[in-house]
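Notes to accompany the following structure.
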Amino acid sequence: MKTFPDNFLWGSATSAYQIEGAWQADGKGLHIWDVFSHTPGRTARGDNGDRACDHYNRYPEDIALMAKMGLKAYRFSIAWARIQPDGKGAPNPAGIAFYNKLIDELLANGIEPWITLHHWDLPVALQLEDDGWLSKRTTDYFAAYARICFDCFGDRVKNWITLNESWVIATLGFHEGIFAPGRKSDSEPYLVAHHLILAHAKAVKVYREEFQAAQGGQIGMTNNCDWREPKTDSKADQDAAQRSVEFFLAWFADPIYFGDYPAVMRERVGERLPVFTAEEKVLIKGSSDFFGLNHYNTMYASNVEPGITVDNYVYANAGVFKDQQVALTADPDWELTDMQWPVVPWGLGKLLLWISDRYNNPPIYITENGCATPDIVKEGSVEDPRRISFLNGYLGSVHDAITAGADVRGYFVWSLMDNFEWASGYDKRFGMIHIDFETMERIPKSSASWYAEVIKQNSLEG
Ligand code: GBH
C-alpha cells in the first residue's frame, strides 16, 4: 500500500472554455479562443467550444458526479469575458452570478473550489485594442479583473491560481501559432512570457494587500513542464536536459523564486529576452504561496551543436528550441497516449525532486496530470483501464517523490470529464467521465470509480 499524507488534497480539474459552452449567454464577451476556433483551419474538424459540455447549464449534475467520487477539491477557471465582456471596465452581474452559483453548489457538496483566473481565454477586445499579452497594459487589466474576482468570490474561495501554463500561451500561441492567437515569431514568446509574469505578480500584490489578511486564502501560479531525461551519460546531454527544463519551467519559476530569468536563457536569448527593472524584480520575487505544476510526459534530451538542424524541431517546440539546441526523442518502447505523448511515470517523480531541490522545497500542488484515451461505450458503460494504469503509475511516482522529501500537498486529475481539447477538438478524451457530445449524456468511466476508491483509502494498492 502506498499511503498519502493526511490531508492530501484529491481533486480534478477543468477549464472554462473547454467545458462551459453558452458562448454568447448572459452578456459574455468574445475571447480569442472563440475567434480562433471559428477561424477556418485552426482546429480539428473546425470544432469549437460553443456548446462544449454545456456545463454552464448542467453544473448541478456535474457537481453531483464530483460528490459521488468523493472529490475534496475541484479546480476550474473563470472566463474573464463573462466577468468583463471587453476585458476592462464594469463587471457583468450575470457572469458573476454564474460563478456564485457554481461556488455555492460546490461548497454545499463539501468540495473546495480552486479557481484559475486565466486559462487562455483572453477577451478579444484586449487583443484588438491593446495587442493582448504583447502589451504591458494587459498586465494592469489583468490585475483589475483579478480584483473583481477576489472581491466577489474571495469570501468563499481560498485557493487562487493566477495563470494556467504561461509556457503554452507564449510558445504555442506566439511561436508555433497552433493555439490562439496563432502568431509565429522568434521574439514574441519572450515578450509575452514577460508580461504574463508581471501580470501574475500584480494580481498577487492586489490579493496580498487588499484581501489576503481578511480572507485568509493562498495564491500561486501554475506552470506546465514535461520531464527531460539525458539521452546518454555524456556531460553534453546532461547539460542539454538541464537546459531544456530551465527553458521550460525555470523560465517562469526562477523569476518568482529568485527574481530573474535563468542565466542560461540570458546567455542564449540575448536581447530578445526582456529585462525586469529593479522594482519589478522586487514585485515578482516571492509572489507565490505554492508551486502549481501541470505535468504530462517525458522525452529524452540530447545536445545539438549550434547551427545544426534536426528533423524533430517542430516536435520539440522550436522557438525556444532553436535557442536551446536540444533534440528530443522518445524511447520506441514507451506506450503512447491518444495525444501521442509517451507514458513515463518516473518522469513526474524526477521533476518533483528537481523542483524541490531548485526552489528550496516549496509546497507543490499537481494541478493537472492525466491522459487521453479512446472510449468505447458498451451497454451504457465505459471501461478505461489505460487511464487507470496511467493514473496509478503517475500517482505511485508522486508517492515516491513525497517519500524522498518533496512537499506535494495535492493532486488534480485532468480531467473531470471529456471536453474541448483545444486545437484537437472533441475526439481527444481526457475525462474520467465520458460525454456524449450529441446528447450531452454523462457516463462515469471505470477510472472514476477507481479514483473514488483511491480518495476513500487515501492510498494506492500495490
Ligand atoms: C494542458 O496543457 C492544459 O492546461 C489543458 O487545458 C489541456 O486540456 C491539457 O493539458 C491536455 O492537453 O513532448 O513535444 O509532445 C498541456 C500542455 C504541452 C503538455 C506540450 C504536453 C507535449 C509536448 N502540453 N506537451 S511534446
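Find all pairs meeting these conditions: Cβ atoms under 8 angstrom apart; at least six residues apart or on different chains; first residue within the stretch 8-27 and modelled with pLDDT under 95; second residue of a type in the set (Phe, Trp, Tyr) and within 14 Å of the ligand (Cβ to nearest atom).
Qualifying pairs under 8 Å: none.
Within the bounds of the stretch 254-262, is there any residue that is at pLDDT below 95 and surrounded by fewer than 20 Cβ atoms within 10 Å (Cβ to Cβ)?
Looking for residues that are at pLDDT below 95 and surrounded by fewer than 20 Cβ atoms within 10 Å (Cβ to Cβ), one finds none in the stretch 254-262, hence no.
Would you pick out the residues in the stretch 100-140 that are of a type in the set (S, T, N, Q) and over 19 Å from Asn164 (Cα atoms)?
Result: Asn100, Asn109.
Please note which strands (runs of 3 or more DSSP E) are completely contained in the stretch 385-455 and include at least 2 residues that are away from the ligand (no atom under 16 Å from the Cβ) and under 29 Å from Met1 (Cβ atoms).
Passing ranges, in order: 408-414.
For the stretch 17-36, name all the residues that are assigned to a helix (DSSP H, G or I) and touching a helix residue (DSSP H, G or I) at 6+ places or on another chain (Cβ under 8 Å).
Result: Tyr17, Gln18, Ile19, Ala25, Asp26, Gly27, Ile32, Trp33, Asp34, Val35.
Let's see how each residue does on (1) modelled with pLDDT under 95; (2) crowded, with 24+ Cβ neighbours inside 10 Å; (3) within 16 Å of the ligand (Cβ to nearest atom):
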{"position": "Pro113", "(1), (2), (3)": "no, no, no"}
{"position": "Ala143", "(1), (2), (3)": "no, no, no"}
{"position": "Cys152", "(1), (2), (3)": "no, no, no"}
{"position": "Ile169", "(1), (2), (3)": "no, yes, yes"}
{"position": "Glu176", "(1), (2), (3)": "yes, no, yes"}
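Got at least one residue in the stretch 198-214 being in contact (Cβ under 8 Å) with a residue 60 or more places away in the chain and under 29 Å from Thr39 (Cα atoms)?
Yes: one or more hits.
I need every pair where a residue in the stretch 105-118 that is more than 12 Å from Met66 (Cα to Cα) has its Cβ under 6 Å from the Cβ of a residue that is of a type in the set (D, E, K, R) and surrounded by 21 or more Cβ atoms within 10 Å (Cβ to Cβ), sequence separation at least 6 or different chains.
If the second residue must be of a type in the set (D, E, K, R) and surrounded by 21 or more Cβ atoms within 10 Å (Cβ to Cβ), the pairs left are Trp114/Arg75.
Pairs under 8 Å by beta carbon, first residue touching a residue at least 24 places away in the same chain (Cβ under 8 Å) in the stretch 165-179, partner within 11 Å of the ligand (Cβ to nearest atom) and part of a helix (DSSP H, G or I), six or more apart or different chains?
Trp167/Phe248; Ile178/Leu172; Ile178/Ala423; Phe179/Val168; Phe179/Ile169; Phe179/Leu172; Phe179/Trp422; Phe179/Ala423
Looking at the stretch 329-372 only, could you name the residues that are part of a loop (DSSP other than H, G, I, E, B), closer than 30 Å to Glu441 by Cβ and under 19 Å from the mean Cα position of the chain (by Cα)? Before the answer, list the steps.
In the first step, residues of the stretch 329-372 are kept if they are part of a loop (DSSP other than H, G, I, E, B); the result is 330-335, 337-341, 343-344, 359-363, 370-372.
After this cut, where a residue has to be closer than 30 Å to Glu441 by Cβ as well, the list is 335, 337-341, 343, 370-372.
The answer is Thr337, Asp338, Met339, Gln340, Trp341, Val343, Gly370, Cys371, Ala372.
Let me spell it out: the conditions are (1) touching a helix residue (DSSP H, G or I) at 6+ places or on another chain (Cβ under 6 Å); (2) in contact (Cβ under 8 Å) with a residue 60 or more places away in the chain, and Ala406 meets all of them except one. Which number is the exception?
It is condition (2) that Ala406 fails.
The values are calculated or read from the model by the stated rules, or taken from the named source; none is laboratory data. Nothing here was measured: the structure is a model prediction, and the numbers come from that model. Reconstructed Cβ throughout: ideal geometry from the backbone, glycine too, with neighbour counts over all protein chains shown.
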